[in-house]
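J.: My questions will all concern the structure given below.
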Amino acid sequence: MCLRELVRPRWVKGLIGAVLFSGFMSIEVLKAEVPEGPVSPALSVEDFSEAHLRLGIDFFLTDELEIAIGEFQEAIRQRPGYAKAYHNLGVTLAKTGDLAGAVVAWTEAERLDPRVVSTRYRISALVAYNYGVSLLRAKRMPDAMDQWQLAIRLQPDLVEAHYALGMGYVTAKNPLPALAHFRHARDWAPDWGKAYEGLGLAHYESHDYALARDAWLHARDLLSNAAGIHAYLGLLAVQEGNYQQAIDYSRQALELQPTLASAHFNLGMALFRKGEEEASLEPLKTAWKLDPSLTSAPLVMGVVKSHQGHWSSAASLWEKALRRNPSNPERMWLRFNRGVALTMLGNPQDAALEFRLVVQGQPEWIPGWTRLGHVYMGLHQWEQASKVFQRAVELDPRSGNLHYVLGRVLLEQGRLGEAEQAFRHAVEKESSFMEAQYQLGLVLRAQNRQAEAVEPLRRAAEGGSVQAQDLLASMYANGSGVDRNLSLAMLWWFGDVERIEESANRSDGHRELSRLRGELFGQRLSAADRQDVLTGFALIRQQLTQPNSSSLFSSMLMNGEPNWQSLQPSDAVLPWVIQMALALDGQAQETLARWYEQGSSGEVNQVERRIQNYFLQTGKEGNVHSCQVIQRQIHGRLRASFTDASALEIAGRNCQAVSSASQLTQKQP
């Protein structure tokens, strides 16, 4: 399982929705007038009533609404004609949801002093606005927005209604009308920080990040407690990739309000994105504790745990988040990631259940279907897997990979004709999809259509598929579905010159070419096969010296020919020279001998060890030149430099078996 398949949350959107209406307030209360100058020791009735009014306002601002109502009522009892007390009583009753009582109080306030309400508010607009607030608290957002629209029609300059309506549009991911309403609120109340806060949110949703920053910075200067604004600025900094700035803003927010969940979350996300994953866990955990609806926090915490290899902890976190809030908006990501974790933990049955729930909730989401299909493949439930991948292909018919996986599943079921069509679709969508070309060749061979299989196998082999190269080599060597051509088989066994180091270690091709060299040196080939083998090695040498600007070894060639005297045994050059020597190039063999015999002095370095391995291998094959080098080492002072004594003895015995005075001086083929 590749860790990149884990879904990282789209946490920004969810976070805005979670904090939009936090601290949402009803119409502001009207404050009592505080007399200037000295106050007479003998307090009047008006003084007592204003004292109760001020107390009521304090309790209102701390959300102690029942106590505030009592204070306003006491102010009215002491001063029956106190219009401001009636107004504030109405505001407080409206905030508790008692709209009928609020209307009675506002009506009495307007009767006593029309200036108290009608200079700014109309009672009918207040009722509509506060009714909208009540509907919002009942989670009836569309109905609330209708009431705020009505309030604005009744009183176009009711800035609180414009602000509330703007928030509603932001929550609905419709930032353009939100901008209009926030601008109205700003124009009618230019010193009201909440209007600028809303403007910043609307600009953010419109991806106008510079304007969002400007609005939030203005709001920060106007609001007495700007913790939320610092949190928004931290959110913006994370979005823009300014992680250290996001950390700084988040910490400033927490200094002002230590229990602000969004600031803890932004801090965790900034640390996570900065690569300090372990440090991100604590603020994310705190954010989730403060706001259990913030499921992006456990989602990211689980990703951190998965990166640490703690799949069980990750799965537990995601399961706990689902249990706490089964209908949360991030449930698809939580289930998907939990399915990945369960797969890694070797629990494919429960993983399949999670992925089934994912596709039930998001039937158009292709990753859910593909992951479910792969789980079924792991369970060898091929019928279910084929249905799942057929659905995935219907959703994305342009994906060559989906057609390819469907073909593999159909092949497992023995549905060769359908598998062939799936592989054909895969290569039609992605002509460079070498594995699909290879599988198409295999399924054609399985249907005894050998001649048709050659073309897709050739394309796969030319694209670098080692399996296709080995299969084609075997086909040409045996004449299976093609005319026998041993030289061409050898070329495919050799493989791709651009991956010279890999071709030296390919087990099948390496073994077959070694066998042919041994049969050639041992005079065990017919005259025709001997000529084919010599031609094959000549083709390999030609490929190795093919002028090609993309070749890793083009710098070794001069006018298409190697400049042997100038070559040095570097890490880049040595593999190429060894391959040339294995292809029976005499100068390459002499160069290796010269490098080894001139460079050996006691301790064997890596270059010498690789040259030794060449001599030992080809000595076992009976290569006369290698046998000469080995015999010189056996009888010379450099015997101890061979690190593999047993291999040296075997090579020495083989060389003795094939060596005679005439063979040792015989010209190499």
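J.: Would you call L260 aliphatic (A, V, I, L, M), closer than 20 Å to A227 by Cα and within 19 Å of the chain's Cα centre (by Cα)?
T.: Taking the combined requirement at face value, the residue does not satisfy it.
J.: Right, P292: free of Cβ contacts under 8 Å to residues at least 24 places away in the same chain and either crowded, with 16+ Cβ neighbours inside 10 Å or not in a helix (DSSP H, G or I) (or both) or not?
T.: Considered against the rule, which asks whether it is free of Cβ contacts under 8 Å to residues at least 24 places away in the same chain and either crowded, with 16+ Cβ neighbours inside 10 Å or not in a helix (DSSP H, G or I) (or both), P292 comes out as no.
J.: Follow-up question, since we're still on this one. Just to be sure before I move on: is N88 modelled with pLDDT of 85 or more, under 26 Å from R54 (Cα atoms) and of a type in the set (S, T, N, Q) in the structure I sent?
T.: yes
J.: Considering each of A583, A572 in turn, give the residue that is at pLDDT 80 or above and within 49 Å of the chain's Cα centre (by Cα).
T.: A583
J.: Then there is this: Is it the case that segment 515-529 has a residue that's at pLDDT 85 or above, surrounded by 15 or more Cβ atoms within 10 Å (Cβ to Cβ), closer than 22 Å to A468 by Cα and in contact with a helix residue (DSSP H, G or I) (Cβ under 8 Å, 6 or more places away or on another chain)?
T.: Yes.
J.: Could I ask something else about it? A189: closer than 29 Å to D98 by Cβ and free of Cβ contacts under 8 Å to residues at least 60 places away in the same chain, yes or no?
T.: Criteria met by A189.
J.: Among Q421, Q447, Q384, which is surrounded by fewer than 24 Cβ atoms within 10 Å (Cβ to Cβ), within 18 Å of R371 (Cβ to Cβ) and touching a Leu at 6+ places or on another chain (Cβ under 9 Å)?
T.: On inspection, the qualifying residue turns out to be Q384.
J.: I would also like to ask the following. Could you list, ordered by first residue, the pairs with Cβ atoms under 8 Å in which the first is in segment 226-246 and closer than 15 Å to D214 by Cβ and the second is outside any helix (DSSP H, G or I) and at pLDDT below 95, at least 6 apart or interchain?
T.: Pairs that qualify, where the first residue is closer than 15 Å to D214 by Cβ and the partner is outside any helix (DSSP H, G or I) and at pLDDT below 95, are I229/L223.
J.: Any residue in segment 49-73 that is more than 15 Å from G90 (Cα to Cα) and at pLDDT below 90 sitting within a Cβ distance under 6 Å of a residue that is surrounded by fewer than 22 Cβ atoms within 10 Å (Cβ to Cβ) and of a type in the set (S, T, N, Q)? List the pairs, counting only those 6 or more apart or interchain.
T.: S49/Q78
J.: Hey, does segment 414-422 have a residue that's without any contact (Cβ under 8 Å) to a residue 40 or more places away in the chain and either within 25 Å of the chain's Cα centre (by Cα) or not in a helix (DSSP H, G or I) (or both)?
T.: Within segment 414-422 (the criterion being without any contact (Cβ under 8 Å) to a residue 40 or more places away in the chain and either within 25 Å of the chain's Cα centre (by Cα) or not in a helix (DSSP H, G or I) (or both)), the answer is yes, since at least one residue qualifies.
J.: Please determine whether any residue of segment 135-152 is surrounded by fewer than 24 Cβ atoms within 10 Å (Cβ to Cβ), of a type in the set (D, E), closer than 29 Å to F59 by Cβ and without any contact (Cβ under 8 Å) to a residue 60 or more places away in the chain.
T.: No, segment 135-152 contains no residue that is surrounded by fewer than 24 Cβ atoms within 10 Å (Cβ to Cβ), of a type in the set (D, E), closer than 29 Å to F59 by Cβ and without any contact (Cβ under 8 Å) to a residue 60 or more places away in the chain.
J.: Filtering segment 622-647 down to residues that are under 18 Å from H510 (Cβ atoms) and either part of a loop (DSSP other than H, G, I, E, B) or over 51 Å from the mean Cα position of the chain (by Cα) (or both), which residue is modelled with the lowest pLDDT?
T.: D644
J.: Starting from segment 472-483, keep only residues that are in a helix (DSSP H, G or I), then list their pairs with residues that are charged (D, E, K, R) and buried (at least 19 other Cβ atoms within 10 Å of the Cβ) whose Cβ atoms are within a distance under 6 Å, requiring at least 6 positions of separation or different chains.
T.: none
J.: All but one of (1) at pLDDT 95 or above; (2) in a helix (DSSP H, G or I); (3) within 23 Å of L61 (Cβ to Cβ) hold for P258; state the number of the condition that does not hold.
T.: Failed condition: (2).
The values are calculated or read from the model by the stated rules, or taken from the named source; none is laboratory data. Bear in mind that the values here come from a model prediction, so they are computed numbers and not experimental data. A quick note on method: Cβ atoms are made from the backbone with ideal geometry, for glycine too, and the neighbour counts reach across all protein chains shown.
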